[in-house]
């Protein structure tokens, strides 16, 4: 299998999984990440790399960290650790997207 044999994981796919799986608390952080990526080319490359390859450390330290003390994070009084809860939900959504993509690919290869 080559690198181009699979469909890409997109920001829209991640956002949809966050909505579908009752992780609405993480959407403001994800939207902030996507917005900043649209305004900053270097940051945008980090997001593109994370979408393509994953990396919990890249998400936490490079993409989510700038928003750790953002008002929309600190305003979440319903969560004990709002920033951590948000970025880990985003990371989980990316994993779910990868697993679904890989399962679909296996099904495609298994079909007669």
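Please determine, in degrees from 0 to 90 and to the nearest 10, the orientation of helix 27-39 with respect to the longest principal axis defined by the Cα atoms of the chain, where the helix direction is its Cα long axis.
Here the helix axis deviates by roughly 80 degrees.
Specify the angular offset, from 0 to 90 degrees and rounded to the nearest 10, of the alpha carbon long axis of helix 41-53 from the longest principal axis of the alpha carbons in the chain.
On a 0 to 90 degree scale, this one is about 50.
Under the rule a/c < 1.5 gives rounded, and otherwise a/b versus b/c splits prolate from oblate, where does the range 26-102 land using the Cα gyration tensor?
It comes out oblate by the Cα gyration axes.
Please compute the modelled spin-label separation between residue 105 and residue 7, points set 7 Å along Cα→Cβ, answer in nm with one decimal.
1.3 nm
Relative to the first principal axis of the alpha-carbon coordinates of the chain, what is the inclination of helix 82-110, with its axis defined by its Cα atoms, in degrees from 0 to 90 and to the nearest 10?
10 degrees
Taken together, the values in this text are just the output of simple stated rules run on the coordinates, not laboratory data. Keep in mind it's a predicted model, so treat the numbers as computed, not measured. Neighbour counts run over all protein chains shown; Cβ positions are idealised from the backbone, glycine included.
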